[in-house]
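Read the structure below first, then the notes.
The values are calculated or read from the model by the stated rules, or taken from the named source; none is laboratory data. Remember, it's a predicted structure, so these values are computed and weren't measured experimentally. Note that we place each Cβ from the backbone using ideal geometry, even for glycine, and neighbour counts take in every protein chain shown.
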Amino acid sequence: MTFPVIGVVGGGQLARMMAPAATALGFELRVLAEGEDVSAVSAVPTSPVGDYKDLDALLEFSRGLDVMTFDHEHVPNDHLRALQEAGVNVQPGPDALVHAQDKLVMRAAIDRLELPNPAWASVADVEALVAFGEKTGWPVVLKTPRGGYDGKGVRMVGSAEEAADTADWFAAMTPLLAEAKVEFSRELSALVARTPDGESRAWPVVHTIQVDGVCDEVIAPAQDIPLEVAAAAEDAAIRIANELGVTGVMAVELFETPGVGSGFLINELAMRPHNTGHWTQDGSVTSQFEQHLRAVLNLPLGATDVLGQVVVMKNFLGGENQDLFSAYPLAMASEPAAKIHCYGKAVRPGRKIGHVNLVGAAASDVDSVRQRATTVANIIRDGRAPARTAPGNSEETV
């Protein structure tokens with residue numbers, strides 16, 4: 001009996017976290033790594049170094065694979081089509097992935113599906129940006145359609161005068177995406193998975209907390225969300241996956257807008273495992289990483305039930321502590337139920353280097369679970385116990 005070989009383009013933490021799921025199921029995982037020191041290399045024995053922008057490197061990597069999937073969405077779409085023409089099983093395929101690669105294509109698709117979109121426009125120059133701002137009101141969110149992530153490629157433009165200062169953005173890339181600034185109560189994420197045969201499953205909608213454009217914390221499921229809003233968000237995510245032909249895991253990032261329309265607007269799409277789904281590693285029957293592997297191989301999908309009543313995922317970024325392991329004894333002793341996930345990255349200030357998951361037995365425990373997860377994350381980040389920690393990474397000395 002032979003087991004499948006799965007190739008992942010990109011050697012970041014997402015590829016690294018696919019490895020335990022692949023090992024448990026008996027699959028062979030291979031990674032096309034950007035360098036010898038990237039996150040996944042130490043976890044995946046077969047990790048050749050290659051440039052994902054080089055078609056020859058991709059074709060060489062594809063030899064012997066049953067399926068090729070991705071740690072990121074940056075592989076040129078033309079290369080993906082060339083791989084398909086060469087007989088490579090690419091999941092998700094280029095027709096779907098382009099909606100995560102190009103925000104203008106994504107916005108047009110959401111409109112076409114008649115799902116809730118913020119007001120938006122493709123703007124080719126400063127004059128078009130000013131016209132959009134005068135029509136919708138200031139401020140306006142200006143985005144690069146391609147390449148932006150974790151708050152990069154996003155700029156708030158507060159007036160026509162400020163718009164004049166965006167000429168350098170248009171010189172670097174045109175057209176750009178202009179969006180009306182959304183008044184929202186919180187950010188949400190709807191995570192789904194879909195197979196090539198069309199089976200789909202959703203996890204509960206979660207509350208995501210961003211700090212400086214980076215996902216800082218996730219609460220699963222989202223607390224106090226109206227049942228009809230949660231159901232509509234899950235349905236929208238599944239419809240997007242089906243209509244766009246998505247395979248694997250997809251995250252739909254949302255703005256919650258109480259009392260307005262469906263109660264949410266769609267922000268962005270990610271067609272791969274996503275930071276807002278890391279809680280599933282320890283808080284769901286099937287993690288997003290196992291589900292992604294099942295999905296791209298067209299295997300039956302796993303159950304997405306939550307283990308416990310509330311799950312908190314807390315990221316930790318690079319801080320003062322360079323020797324992360326030295327903080328493990330104190331961190332583990334502070335909260336024995338916490339699950340620590342470290343990405344094997346060199347520590348740099350502000351770099352995403354790991355996360356903590358913690359499951360709570362009762363929904364009423366959410367504040368306590370958040371505080372305990374934050375304590376563990378802060379100990380690892382700082383190398384010492386904070387005097388007092390609170391959800392959201394805030395600290396005060398007593």
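Tabulated results
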quantity	calculated
Any hit, the stretch 156-173, residues being modelled with pLDDT of 95 or more, surrounded by fewer than 17 Cβ atoms within 10 Å (Cβ to Cβ) and assigned to a loop (DSSP other than H, G, I, E, B)	yes
Criterion (surrounded by fewer than 19 Cβ atoms within 10 Å (Cβ to Cβ) and in a strand (DSSP E or B)) met by exactly one of GLN210, GLN223	GLN210
Among residues of the stretch 77-114, those that are in a loop (DSSP other than H, G, I, E, B), in contact (Cβ under 8 Å) with a residue 12 or more places away in the chain and surrounded by fewer than 22 Cβ atoms within 10 Å (Cβ to Cβ), counted	6
Top-ranked residue of the stretch 302-332 - restricted to ones that are of a type in the set (A, V, I, L, M, F, W, C) and over 27 Å from PRO221 (Cα atoms), ranked as surrounded by the fewest Cβ atoms within 10 Å (Cβ to Cβ)	PHE325
Unique residue being surrounded by fewer than 16 Cβ atoms within 10 Å (Cβ to Cβ) and in contact (Cβ under 8 Å) with a residue 12 or more places away in the chain when the list is GLU179, GLU187, GLU228	GLU228
Residue satisfying condition, being assigned to a helix (DSSP H, G or I), in contact (Cβ under 8 Å) with a residue 12 or more places away in the chain and not assigned by TED's automatic domain parsing to the domain that holds GLN13, within set ILE380, ILE340, ILE353	ILE380
Residue check, LYS152 out of contact with any Gly (no Cβ under 6 Å at 6 or more places or on another chain), modelled with pLDDT under 95 and over 24 Å from ALA236 (Cα atoms)	yes
VAL154 aliphatic (A, V, I, L, M) and under 30 Å from PHE27 (Cα atoms)	no
